[in-house]
1. At each listed q (0.18 Å⁻¹), what is the log10 of I(q)/I(0) that the Debye formula gives for the stretch A:229-425 modelled as equal alpha-carbon point scatterers?
2. Given H placed 1.01 Å from N in the peptide plane, which residues other than close sequence neighbours of A:Met445 have an amide H under 5 Å from its amide H?
3. Near A:Lys742, which aspartates and glutamates are there with a Cα under 14 Å away, not counting those fewer than 8 places off in the same chain?
4. Using θ = phi - 60° and the Karplus curve 6.51 cos²θ - 1.76 cosθ + 1.60, what whole-Hz ³J(HN,Hα) does each residue of the stretch A:359-369 get, with Gly and Pro shown as x?
5. Quickly rank A:131-143, A:214-226, A:431-443 as a protection proxy: mean count of other C-beta atoms within 10 Å, highest first.
6. Taking θ = phi - 60°, what integer Hz values does the Karplus form 6.51 cos²θ - 1.76 cosθ + 1.60 yield along the stretch A:806-813, in sequence order, with x for Gly and Pro?
7. Hey, what angle do you get for helix A:610-619 against the long axis of chain A, alpha-carbon based, 0 to 90 degrees rounded to 10?
8. Sort A:197-208, A:720-731 by the packing proxy (mean of other Cβ within 10 Å over each peptide's residues), most packed first.
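Every number in this text was worked out from the coordinates using simple rules, so none of it is lab data. Only a predicted model underlies this, so the values are computations on that prediction, with no experimental measurement involved. Because the Cβ atoms are built from the backbone with ideal geometry, glycine has one as well, and the counts that use them run over all protein chains shown.
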Amino acid sequence: MSDDNRYYPTEIEPRWQAKWEADGLYHADVDESRPKHYALTMLPYPSGDLHMGHWFAMTPSDARARFKRMQGYNVLFPMGFDAFGLPAENAAIKRNIHPKQWTYKNIERMRGQLKSMGASFDWRREAISADEEYYKWTQWFFLQLYKNGLAYRKLAAVDFCPTDNTTLAREQVVGENRVCERCGTPVIKKELEQWFFKITDYADELLNFVGIDWPERVQTLQTNWIGRSEGARVFFPTEAGENIEVFTTRPDTLWGATFMVLAPEHPLVEKLTAPEQQAAVAAYKEAAGRQTDIEREATDKEKTGVFTGGYAINPVNQARIPVWIADYVLLSYGTGAIMAVPAHDARDFEFARKHGLDIRVVIRPAGETWEGADLEAAWSHEGVMVNSGPFDGTPATEDKGRANPAIKAVTDWLEKQQFGAAAVNYRLRDWLISRQRYWGAPIPMIHCKTCGIQPVPQDQLPIVLPDDIEWLPTGESPLKLHPTWKNVPCPNCNEPAERDTDTMDTFMCSSWYHLRYLSPDFAGGPFDDREYNYWMPVDTYTGGIEHATMHLIYTRFFHKALRDMGIVEGAEPMLQLRNQGSVLGADSAKMSKSKGNVVAPDELVAEYGADAMRAYLMFFTRWNVGGPWNSQGIEGPNRWLRRVWTLFTEPGGPGNTVQMAMLKDLRRAVHQTLKRVTHDYENFEFNTIISSLMELTNELYRFREQGAYGTTQWREAQEVFLQMMAPVTPHIAEELWARLGKPYSIHTSKWPAVDEAAAKADEIELVVQVNGKLRDKIVVPAGTSEADMQAAALASETVQKFLEGKTPKKVIVAGGKLVNIVL
RNA sequence: GCCGAAGUGGCGGAACUGGCAGACGCGCGCGACUCAAAAUCGCGAGUCCUUUGGACGUGUGGGUUCGAUUCCCACCUUCGGCACCA
């Protein structure tokens, strides 16, 4: 300790951090006698340095975990590393350093930086997804999914990033230009055999958020992503013999289907094409195949297509309708074929007008008589069914699905007639998890020429990633190029076979890391049931919203799949989710080295200390919003902490006659603040916690001037104040707590209770308005009756001036603190 | 195009169920301390009007109300998501 009495955060902070660690102060063990709280913050990718975003995400999470701990919960707050992934491999290529070495060196560095935050992580729980003992279980989960029919292999046109040389999940392709989420390169389509997880089996359940407290925004993003639409499947017989199956959300417009459109790649195209159209169809298919997805899916593109020469029969009215192919129909959605109803669908309308196809009106507002030829655009609003045989006169609303009487009636009828059936379709695709990269968990499968695909027997896990590897960006998995690694005997016939040389999407690793934290060293399974039964589910999960349709949907799927296999319990893994916003550069752009707007937290910590940094991060903006960074602003919290230090370490005040009224005011200020601060911690309103504490600091200075120093009320104020600030600024709070002579540690002390009686004001400032405008303020005793308030307001001189002798029309007393006199 | 979120001083932001707009802080100005500076402390400030005092003021326009940053309608701007999804 320094000789002088000044605030030296760089001396205090490492000292307490060392003590907390030595004492295992934040170790959380199963304790059935206490209520548990599992606080989880998204684990970092070991990119090299802990940046501002990490601090911004983790500091409030830590503060809230500390708050919960002081409230008496047994709090588990673990930390780990999402250690597999592309950047490590790209670094290997660029700097000629092994991905493993690069990753573990970064982890070492970041672990130290994380410790400098003074967060209350239980480091015994650390889990690193690239550790063999970790990915052994990632592979084990893959095998469980495989055995339960939730992992399958399929040849499909998949998204491929030509820069990162790997396939991607649909979720990892973003934006209008369909670019790789990691590197921003436009993706291309490749026909490849890949592993998928059947997340679509859980589409409906994933839409259900009952029982979990997740932000509306995330629920909306996931709901839109899953994209459920209700409608019907309908079979259209063709003259070639085969049926065309379509999905439609508007079965009520079936009588208006005047042609059909297949995606160019649809398997029936060949059969349906008439000899005289073969050349045209082949040419169109080839042209469509050459286009990129971006070109093809551009909404403003003119609708092209060609007639196949084939005809289908509309099952509801036996109409003979032509079958076309066009690239505005996508093979990947629905059945890859549509019934076209140009009168009631904008796309079909455009196509019909361009190619001179029939437009038949089947829904029209009552009283109108227009027909297809009169239309300027497709009619997609409400009306009454016409030209629809038995359904003429049925009202059609704009409601979707069975809420629409027309859709309901026609769907029921279709089922009876066996023309089709009610059906639900989703935008969600199965999760593609194969990656043609080295730095990931190898897929534990073996390809045998005679036995086909064989799972690796469980007792052979983990399939260890070889260290001796060449990182050539070839588009093939580096594991394939390893001279020996892939060669294994088939587990079934023992003949030479080959390992799957792809690795798993790292989102697979992060789908279950919250389970590995429970028992990172457990060898008997992915987690120890005893720990699971006590700690799960996660009570509070915090992280960025950018994971709404990736990690956050995968981990819910994963949990539900494990539940159905009997591995875990409960419908959801995380009960409460809160998202932080992001810290931007001072120029409001994303912090990035290339823009030169990166501010390194380490430098600020070295200058101001972790506590000032933590306080500023929680103070400078609404946590769930984020915003541009301004280093200058840290001066505020920095001065505040210095003022607090001085307030607590220097005796003050002239010590003249202490007035009881003043001490009552002091207690009121303390307990009112405590009430607000408790509420704000509970509700993730961190910026106002700091404001309230700053306000109280300013008031405490005034009370000290008035001679409060040395009284029991002053002592209480000091203790409660330190406890309130402890979750935000743990080091200075611990130091001053010790200097007050309080027992170690403030972080395991009991959160103070609000003394409601003390918090209550005994005088209130009555706001007096005339015609809604503020005119006067009068101090009256708390509990003054409304009549007395009214009288006091009317008696006010200022008010009399505004009344100008008139009698008020009406006097309103509101909220026990305001009188409005209406003239 | 569809869906969602947000617009408050020079800046970040506050305002619990409609009830004192601008708390708290940054920056700024003035003063004290100092030979001087830094640090610290004190005071000041939404805009406009000459003042004691008043008018206006929460993206714009309207509405409901005794009273609107808060509720309703329309519009503008910014950001995010989805997008030929049948």
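1. -1.26
2. Amide H neighbours of A:Met445, under 5 Å, 5+ apart: A:Val456, A:Asp500.
3. Output for A:Lys742: A:Glu716, A:Glu719, A:Glu734.
4. With coefficients 6.51, -1.76 and 1.60, one gets 10, 10, 7, 10, 9, 8, x, 4, x, 7, 10 Hz.
5. Result, highest mean Cβ count within 10 Å first: A:431-443, A:131-143, A:214-226.
6. With coefficients 6.51, -1.76 and 1.60, one gets 6, 8, x, 6, 6, 10, 10, 10 Hz.
7. It works out to around 70 degrees.
8. Working: A:197-208: 17.6, A:720-731: 25.2.
Final packing ranking: A:720-731, A:197-208.
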